[in-house]
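The block underneath contains the structure these notes are about, expressed in structure tokens.
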Amino acid sequence: MIGSTLLELTEVTVIGGDTTIVDRVTTTAAAGSVIGLIGPNGAGKSTLLRTVTGTVRPAAGSVLIDGRPIRGWSARELARAVAFVPQNTNVDFGFTVRDVVLMGRHPHLGRFGVEGPADRELAEAALERTGTARLADRVITTLSGGERQLVLIAKALAQQPRILVLDEPVSALDLRHQLTVLRLIEAVAATGCLVVVAIHDLELAARCCDRLLLLDRGRLLADGPPAEVLRPDLIRAAFGVEASVRPHPDLNTITVTALDAVDREGELR
Ligand SMILES: Nc1ncnc2c1ncn2[C@@H]1O[C@H](COP(=O)(O)OP(=O)(O)OP(=O)(O)O)[C@@H](O)[C@H]1O
């Protein structure tokens, strides 16, 4: 169930070199909802996600969690509230999968940093939920890209965050594992967690997100339910493609098919 506002971005602006990477983005997101971040390569999706995880500091604007600016939060406080699954799954050399998932518990451990039985149980549960329990004793560097992606999702689940931030979580996954992650996202949101996910697959985005934010060259071009954002004119303006957008024949969702590349400097700007 969608709850009250948990995350508020106000006029968030990020500058890199002499480029404005994120340009005055304002939005809010409620606990228990799934927010999808879509847009072309280089639109600023990862950068915007990293303003929520606190790893990128906006040049202007504010990021609030629970009404409090995260600028003043300690790294540990932030890590308790926000879990991040990055796009490039660089992993810690030599650790087993179980060790990596247990690391998700670190922000919650006491002064001596020792995991207890409850932490181990949460890690095992996260391994089960992501279908990675059979890999638990493997060294993470020996896993395939998709397996690694699932393990990092397991680590984030073990963290029990209030906000789960995922950057392209299904990019390396086969159809079945994409569904696994889709269901996990739904299940995590049902527990009251806010899920913010950057995703290129517009059909998956439509299926799993309550709301989509369409970013284009750092600017928020649209913010609303999937059916309102995945319109041919908006897709043309952001992605530079003519697209066919149709109701799905079997499911209560929509299909998006790119037909032709067109000039991106379209009618919307
Ligand atoms: N430190 C920086 N200095 C200059 N430009 C940067 C810097 N960091 C990122 N950029 C640029 O900002 C733009 C947005 O990058 P970002 O990774 O946020 O995009 P994205 O929407 O996640 O893209 P993709 O879909 O390709 O992952 C890119 O053009 C990138 O090259």
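The values are calculated or read from the model by the stated rules, or taken from the named source; none is laboratory data. All figures in this text were calculated on a predicted structure; none of them were measured in a lab. Here Cβ is always computed from backbone atoms with ideal geometry, including for glycine, and neighbour counts include all displayed protein chains. Areas reflect the complete protein model, heavy atoms only, side chains present, ligands, DNA and RNA absent. Shrake-Rupley method; radii C 1.70, N 1.55, O 1.52, S 1.80 Å.
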FRET efficiency, 1/(1 + (r/R0)^6) with R0 41 Å, evaluated for residue 179 and residue 109 via beta carbons: 0.80
Principal axis dimensions, largest first and in whole angstrom, of the range 18-99 by Cα: 41, 31, 28
Carbon + sulfur, % of accessible area of the chain - ligands and nucleic acids excluded, 1.4 Å: 51 percent
The chain, dipole about Cα centre (Lys/Arg Cβ +1, Asp/Glu Cβ -1), debye to the nearest 20: 700 debye
Surface/4 estimate of mean projected area, convex hull on alpha-carbon atoms of the range 216-255, nm²: 3.0 nm²
The range 92-159, dipole about Cα centre (Lys/Arg Cβ +1, Asp/Glu Cβ -1), debye to the nearest 20: 100 debye
Gain in span if fully extended, residue 254 to residue 125, counting 0.36 nm per residue against the direct Cα distance: 43.1 nm
Neighbour cut-off at most 11 other Cβ (10 Å), DSSP loop, chymotrypsin sites (Phe, Trp or Tyr not before Pro), the range 79-128: 93, 112
Spatial separation of Cα centroids for the range 31-73 and the range 191-269, in angstrom: 19 Å
Accessible area, probe 1.4 Å, largest first, for residues 103, 1: 1, 103
The range 92-159: relative contact order as a whole-number percent, Cα under 8 Å and 6+ apart: 52 percent
The range 27-173 - Rg and Dmax from Cα coordinates, angstrom: 15.7, 46
Stretch gain in nm, segment residue 20-residue 75, where the contour uses 0.36 nm per residue and the Cα spacing is subtracted: 17.2 nm
Spin-label model distance (nm) - residue 10 vs residue 231, 7 Å beyond Cα toward Cβ: 2.9 nm
Spatial separation of Cα centroids for the range 158-188 and the range 99-152, in angstrom: 15 Å
Exposed-site-free run, longest, the chain (rule: GluC sites (Glu not before Pro); DSSP loop; at most 14 other C-beta within 10 Å): 1-264
Heavy atoms of residue 155: accessible area, 1.4 Å probe, square angstrom to 10: 60 Å²
Compactness index (Cα Rg / 2.2 N^0.38 Å), the range 92-159: 1.02
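Just the number, please: percent antiparallel of the DSSP beta bridges in the chain, rounded to the nearest 5.
Values: 28 of 45 bridges.
Roughly 60 percent of the beta bridges in the chain run antiparallel, per DSSP.
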Relative contact order computed over the chain (Cα-Cα under 8 Å; 6+ residues apart), in percent: 23 percent
Mean shadow area of the chain over all directions, Cα convex hull, nm²: 15.2 nm²
